[in-house]
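The values are calculated or read from the model by the stated rules, or taken from the named source; none is laboratory data. This one's a predicted model, so the numbers in the text were calculated from it and none came from an experiment. When we count neighbours, we look across all protein chains shown, and the Cβ atoms used for this are built from the backbone with ideal geometry, even at glycine. What goes into the accessible areas is simple: the full protein's heavy atoms, side chains included, and nothing from ligands, DNA or RNA. Shrake-Rupley method; radii C 1.70, N 1.55, O 1.52, S 1.80 Å.
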Amino acid sequence: MRSFYAPAQATHAPQRELHNGGFTAYAEVPARAAAILAAIGGAEAPRDHGVAPIAAVHDPAYLDFLRDAPALWAAAGRSGDAIPYAFPIVGRRPLALSRIDALLGAHAFDATTPLTPDSWTASYGSAQSALAATHAVLGGERAAFALCRPPGHHAGRDYCGGYCHLNTAAIAAQAARDAGIAKVAILDIDYHHGTGTQDIFWARGDVLYASVHADPATDYPFYWGHADERGEDEGEGATLNRPLPHGTRLDAFRAAQGELLEAIAGFGAGLLVVSFGADTWEGDPISDFALTTANYQVLARDIAGLGLPTVVAMEGGYAVEALGANVASFLSGF
Ligand SMILES: [Zn+2]
């Protein structure tokens, strides 16, 4: 399988994140990508498709923010990574605020996603990897792998969160739409619900978003991913959520994924994007499912059974020592 990764994706390396009452070491480390590359035998550097396919998903003012925030942070006399601390939860009026902290809060939904001077370049590379994999599949490849790091599925049209800046799965799906694929499905099997992806396609009927994830009643991102969220307007019924409890093993995960694969087949998608997270692995340090390394091949075979051209976009997975083997197991199912 062709795989894509841009070396610049390794440059984003925040020192710490804020959650559960304190600062902890940042879990989404560059070593994740190195472990995957070692396990899959390397990857091609993606061709640069420019910013246009990114701006087809994200608000241009948000892209300016991602580029400019680290310099504004430094200009405000701050050191270290840029982290928001105030959020406009009572409405998001389009105020023309310029203080860096106001900008950070307006473009983030959590404090786990620090920005560094390298965040834009790394995430731009991650998006280009997703685009290269998409074009490989549009060009006739059965499946292709985008080693997206930083990951993408928590990022919305104009906000970051959950280690994600640019929504690589959404960018891939939109690129496929713009290349003439009438209907695209996104299957998200990361441990966490893909908040941003759901939000981006919430009111659209041309892109199906289907996710298996930890129950948001107990797990991040809490406010999204509940079973009754099904989209609205043109997108009514084109969002499908299957929350599962802590301790979930292969049988329950596979059954939930199977329901979503049936829905994807019925939807009539011409291309599938898989948001693949290996944070469902039994030893993941920030998650509570119990899949084994061998299980990933089983899940991938079921997905491959759909017979759809498939872009696999990397999302989470924080047990670095097992990440390469878990990803290799998944890709071997294709
Ligand atoms: Zn995750």
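Contact list please: Cβ distance under 6 Å, first residue in the stretch 132-154 and farther than 19 Å from Val327 by Cα, second residue within 16 Å of the ligand (Cβ to nearest atom), pairs at least six apart or on different chains.
These pairs meet every condition: His154/Gly161; His154/Gly162; His154/Cys164; His154/Thr195; His154/Gly196.
Among the listed residues Arg254, Arg242, Arg249, Arg301, which satisfies the condition of being of a type in the set (Lys, Arg), in contact (Cβ under 8 Å) with a residue 24 or more places away in the chain, open to solvent by 50 Å² or more (accessible area, probe 1.4 Å) and touching a His at 6+ places or on another chain (Cβ under 8 Å)? Give the derivation first.
Details: Arg254 fails: touching a His at 6+ places or on another chain (Cβ under 8 Å); Arg249 fails: touching a His at 6+ places or on another chain (Cβ under 8 Å); Arg301 fails: touching a His at 6+ places or on another chain (Cβ under 8 Å).
Exactly one of Arg254, Arg242, Arg249, Arg301 is of a type in the set (Lys, Arg), in contact (Cβ under 8 Å) with a residue 24 or more places away in the chain, open to solvent by 50 Å² or more (accessible area, probe 1.4 Å) and touching a His at 6+ places or on another chain (Cβ under 8 Å), namely Arg242.
I'd like to check something: does the stretch 314-321 contain any residue that is open to solvent by 40 Å² or more (accessible area, probe 1.4 Å) and more than 15 Å from the ligand (Cβ to nearest atom)?
Yes - at least one qualifying residue is present in the stretch 314-321.
Go through the stretch 252-272 and give me each residue that's within 16 Å of the ligand (Cβ to nearest atom) and within 18 Å of Phe201 (Cβ to Cβ).
Those that are within 16 Å of the ligand (Cβ to nearest atom) and within 18 Å of Phe201 (Cβ to Cβ): none in the stretch 252-272.
Which one of the conditions (1) outside any helix (DSSP H, G or I); (2) open to solvent by 60 Å² or more (accessible area, probe 1.4 Å) does Asp199 fail to meet, given that it meets all the rest?
(1)
Identify all residues within the stretch 155-196 that are assigned to a loop (DSSP other than H, G, I, E, B) and either without any contact (Cβ under 8 Å) to a residue 60 or more places away in the chain or within 14 Å of the ligand (Cβ to nearest atom) (or both); write none if there are none.
Ala155, Gly162, Tyr163, Asn167, Ala179, Gly180, Ile189, Asp190, Tyr191, His192, His193, Gly194
Can you tell me which of Ser98, Ser129 is outside any loop (DSSP other than H, G, I, E, B) and either more than 16 Å from the ligand (Cβ to nearest atom) or aromatic (Phe, Trp, Tyr) (or both)?
Result of the check over Ser98, Ser129: Ser129.
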